[in-house]
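Below: the structure, in structure tokens.
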There are 2 protein chains.
Amino acid sequence: MRADAQRNRDRILEVAREVFREQGYDASLDLVAKRAGVGAGTLYRHFPTRDDLMDAMMQSWVDRVTESTDKVLASEGSDRDLLLRWFETYVELISLHKGGPAKITTAMGNPESPIRSKCQVLSGAAARVMESLGERGALRPGVDAVQVCRLVGGVASVADQSELDGAAVRPLLEVVADGMLAR
Amino acid sequence: MRADAQRNRDRILEVAREVFREQGYDASLDLVAKRAGVGAGTLYRHFPTRDDLMDAMMQSWVDRVTESTDKVLASEGSDRDLLLRWFETYVELISLHKGGPAKITTAMGNPESPIRSKCQVLSGAAARVMESLGERGALRPGVDAVQVCRLVGGVASVADQSELDGAAVRPLLEVVADGMLAR
DNA sequence: CACAATACGGAGACACTCTCCGTTTAGCAA
DNA sequence: TTGCTAAACGGAGAGTGTCTCCGTATTGTG
């Protein structure tokens with residue numbers, strides 16, 4: 001890639017993170033272009049769709065998924081505690097931007113999605129947690145990682161759109177956790 | 001209301017049902033106006049916001065909620081079966097239009113929402129089901145009707161946006177049901 | 001330093017929302 | 001019936017956003 005192109009790309013991403021954090025997933029892309037000091041054409045050439053931009057923006061964030069998951073897996077407490085801690089981490093991770101939870105959860109399991117790779121990282125992390133619990137026989141059989149991501153993602157979407165706080169989300173996650181654990 | 005106003009209002013609603021069914025919650029309102037043979041001004045005078053239109057459209061649908069709930073409550077089977085049957089009914093009811101589940105679930109518990117009355121009917125129905133199960137000691141304590149609507153609504157939102165079919169939704173609902181039932 | 005190849009940018013087509021206001025109509029009172 | 005007024009109509013157009021096209025400018029290589 002030519003040096004000027006690389007410069008613009010980086011600049012757009014930097015500004016996009018800022019704008020998306022301020023205004024959520026629906027922010028105007030022309031505004032991003034303007035603030036980045038490039039023309040609309042440049043933005044759309046680098047990122048043909050909003051999802052492509054999202055995907056690139058989330059690149060740095062992906063590393064945190066693995067890291068956070070490691071931390072959860074290493075933490076103390078009962079199986080239920082671990083599962084809940086993971087749920088809360090997951091919700092936090094996908095709630096980086098307003099509209100994010102719905103976006104990510106919708107893309108989950110859709111091979112066509114431009115943010116597919118990110119979803120795979122997430123469901124991969126979920127799989128690790130579930131494998132860990134599964135080995136100890138803590139999980140009821142027949143639930144897979146993508147399903148869990150959808151369930152918890154559904155809760156996160158509702159929380160995001162209704163602007164629920166952690167205290168309101170917690171009991172919902174508890175129900176999901178209890179539904180997943182072996183009895 | 002003047003006779004012509006009433007006529008136009010009815011016509012707009014009739015067309016809106018059709019268009020929303022075809023195109024989901026995001027359908028253009030100008031298209032609704034055009035197809036109804038009225039000007040945009042007329043549409044917006046009757047229904048200042050998209051939600052006001054949604055609300056009016058759902059009026060006839062509200063009656064079905066009570067009826068469907070009655071049917072579920074009268075049905076045979078275990079507590080778990082009853083709960084699952086109710087969940088599936090609920091998902092079906094709020095999935096009338098694309099985008100409906102997210103819309104309704106977001107509005108749930110928001111006193112400012114224009115479709116508030118509809119949400120109350122829904123959470124009221126959920127409360128009836130839960131009361132019935134609660135009397136028999138089938139539910140774990142501390143879950144309220146609005147929470148359940150949010151959980152099931154979250155599942156419905158995901159299903160709606162990812163276009164999941166009934167078979168894919170069922171296991172998610174089972175997890176929620178198992179999480180809610182007393183152990 | 002010349003000259004492709006690559007990238008830029010912004011005007012503009014198109015779509016949607018919503019308002020404003022001149023025009024039309026319903027319905028009542030005489 | 002007729003005349004009148006409040007009520008309602010409708011569509012042009014302003015505002016905002018998406019996305020493309022293509023003439024112009026920049027890069028970096030031979």
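The values are calculated or read from the model by the stated rules, or taken from the named source; none is laboratory data. All values reported here derive from a predicted model rather than from experimental measurement. Note that each Cβ is placed from the backbone with ideal geometry, even for glycine, and that neighbours are counted across all protein chains shown.
A few notes on this one:
- Within the span defined as segment A:154-174, one or more residues are outside the structural domain of A:Arg17 (by TED's automatic domain parsing) and farther than 22 Å from B:Asn110 by Cα.
Here's the yes/no breakdown for (1) in contact with a Leu (Cβ under 9 Å, 6 or more places away or on another chain); (2) charged (D, E, K, R); (3) over 18 Å from A:Asp160 (Cα atoms):
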position	(1), (2), (3)
A:Gly41	no, no, yes
A:Arg45	no, yes, yes
A:Asp51	no, yes, yes
A:Ala56	yes, no, yes
A:Trp61	yes, no, yes
A:Glu88	yes, yes, no
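- Selection status of B:Thr49, under 23 Å from B:Arg170 (Cα atoms) and of a type in the set (S, T, N, Q): no
- Search result, residues across segment B:144-161 that are within 7 Å of chain A (Cβ to nearest Cβ) and not β-branched (Val, Ile, Thr): B:Gln147, B:Arg150, B:Leu151, B:Gly153, B:Gly154, B:Ser157, B:Gln161
- Elements of type helices (runs of 4 or more DSSP H) contained in segment A:12-131, each with 2 or more residues being among the polar types (S, T, N, Q) and away from DNA strand D (no atom under 16 Å from the Cβ): A:59-74, A:100-107
- Options A:Thr66, A:Thr49: the member that is of a type outside the set (A, V, I, L, M) and outside the structural domain of A:Gly166 (by TED's automatic domain parsing): A:Thr49
- Among the residues of segment A:162-176, those identified as more than 7 Å from chain B (Cβ to nearest Cβ), of a type in the set (A, V, I, L, M) and in a helix (DSSP H, G or I) are A:Ala167, A:Ala168, A:Val169, A:Leu173.
- Qualifying residue in segment B:11-18 (condition: exposed (fewer than 13 other Cβ atoms within 10 Å of the Cβ), closer than 25 Å to B:Thr106 by Cα, touching a residue at least 40 places away in the same chain (Cβ under 8 Å) and within 12 Å of DNA strand C (Cβ to nearest atom)): no
- Positions within segment A:19-32 being within 14 Å of chain B (Cβ to nearest Cβ) and more than 16 Å from DNA strand C (Cβ to nearest atom), in sequence order: A:Gly24, A:Tyr25
- Residue within segment B:107-121 that is buried (at least 19 other Cβ atoms within 10 Å of the Cβ), more than 13 Å from chain A (Cβ to nearest Cβ) and closer than 21 Å to A:Gly179 by Cα present: no
- Hey, B:Ala74 away from every other protein chain (no Cβ under 14 Å), free of Cβ contacts under 8 Å to residues at least 24 places away in the same chain and within 16 Å of DNA strand C (Cβ to nearest atom) or not: no
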